[in-house]
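The values are calculated or read from the model by the stated rules, or taken from the named source; none is laboratory data. From a predicted model like this one, the values you see are computed outputs, not experimental measurements. Note that we place each Cβ from the backbone using ideal geometry, even for glycine, and neighbour counts take in every protein chain shown.
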Amino acid sequence: MSRELLLLRHAKSDWDSDAASDIERPLAKRGRREAPLIGEWLYREGLVPARIVSSPAERARETTLRVCKGLDYKKRDVHWDASVYEAGRQELLGVLAQYAQAPASVLLVGHNPGLEDLLRYLADGEVEEPLNGKLLPTAALARLEMPNDWSSLEPGVAALVTIVRAKSMN
């Protein structure tokens with residue numbers, strides 16, 4: 001295993017906003033505070049991804065841009081992929097297949113339940129379920145060691161390195 005996949009659930013969104021639709025829901029104050037912490041942690045750990053792929057939903061977009069700032073990653077290099085919004089495990093596997101051979105590391109910013117399902121699938125048997133059932137709460141990042149070829153990912157092909165939560169970084 002020589003490639004890495006970083007799965008990031010968007011930061012806390014504002015359910016009380018005046019957004020006209022779910023895709024337009026912005027980050028809450030807590031989300032705006034916590035998202036940069038993930039970028040700063042990634043930078044400190046030397047985990048600047050070669051590619052960032054994000055849902056275009058407003059809360060994911062804001063999260064991604066705040067993470068990019070902490071990473072010194074150019075926002076114009078982010079790939080905004082509409083298929084990540086509301087995606088289930090199969091759709092997310094399809095997104096990853098687009099990066100079958102390269103680059104060495106990918107940060108995927110998206111939503112639950114799809115990201116949690118993908119994490120459980122890729123690290124089958126290695127995921128310790130939290131008592132509260134929230135494997136990837138808002139602003140949580142899972143780091144996975146992956147095989148070289150992502151064209152057809154089978155259950156259990158990844159090794160879960162860590163899960164970090166911005167909430168515990170405050």
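Looking only at the range 53-74, filter to residues that are touching a residue at least 24 places away in the same chain (Cβ under 8 Å) and in a loop (DSSP other than H, G, I, E, B); which one of those is surrounded by the most Cβ atoms within 10 Å (Cβ to Cβ)? Result: Ser55. Looking at Leu27, Leu119, just one residue is hydrophobic (A, V, I, L, M, F, W, C), over 23 Å from Asp16 (Cβ atoms) and out of contact with any Gly (no Cβ under 7 Å at 6 or more places or on another chain), and that residue is Leu119.
Filtering the range 113-170 to residues that are of a type in the set (A, V, I, L, M), over 18 Å from Leu5 (Cβ atoms) and more than 15 Å from the chain's Cα centre (by Cα) leaves Leu131, Met169.
In the range 9-46, the residue that is farthest from the chain's Cα centre (by Cα) out of those that are among the aliphatic types (A, V, I, L, M), assigned to a loop (DSSP other than H, G, I, E, B) and farther than 13 Å from Ala60 by Cβ is Ala20. Being small (Gly, Ala, Ser) and either surrounded by fewer than 18 Cβ atoms within 10 Å (Cβ to Cβ) or in a strand (DSSP E or B) (or both) is the filter here, so list the residues in the range 103-117 that pass it. Correct list: Ala104, Ser105, Gly110. Selection over the range 118-154 of residues that are basic (Lys, Arg) and part of a loop (DSSP other than H, G, I, E, B) gives a count of 1. Looking across the range 68-84 at every residue that is in contact with an Asp or Glu (Cβ under 9 Å, 6 or more places away or on another chain) and modelled with pLDDT of 95 or more, the one that is nearest to His111 (Cα to Cα) is identified as Val84. Report yes if some residue within the range 82-93 is in a helix (DSSP H, G or I), free of Cβ contacts under 8 Å to residues at least 40 places away in the same chain and β-branched (Val, Ile, Thr); otherwise report no. Among the residues of the range 82-93, at least one is in a helix (DSSP H, G or I), free of Cβ contacts under 8 Å to residues at least 40 places away in the same chain and β-branched (Val, Ile, Thr), which makes the answer yes. Within the range 118-133, take every residue that is touching a strand residue (DSSP E or B) at 6+ places or on another chain (Cβ under 8 Å) and either modelled with pLDDT under 95 or among the acidic types (Asp, Glu) (or both) and give me the one that is surrounded by the fewest Cβ atoms within 10 Å (Cβ to Cβ). Applying the filter and picking the extreme gives Glu126.
Going by what's in this entry, would Trp15 be described as among the aromatic types (Phe, Trp, Tyr), surrounded by fewer than 19 Cβ atoms within 10 Å (Cβ to Cβ) and in contact (Cβ under 8 Å) with a residue 40 or more places away in the chain? Let's see the steps before the verdict.
On the way: among the aromatic types (Phe, Trp, Tyr): yes; surrounded by fewer than 19 Cβ atoms within 10 Å (Cβ to Cβ): yes; in contact (Cβ under 8 Å) with a residue 40 or more places away in the chain: no.
So Trp15 does not fit the description; no.
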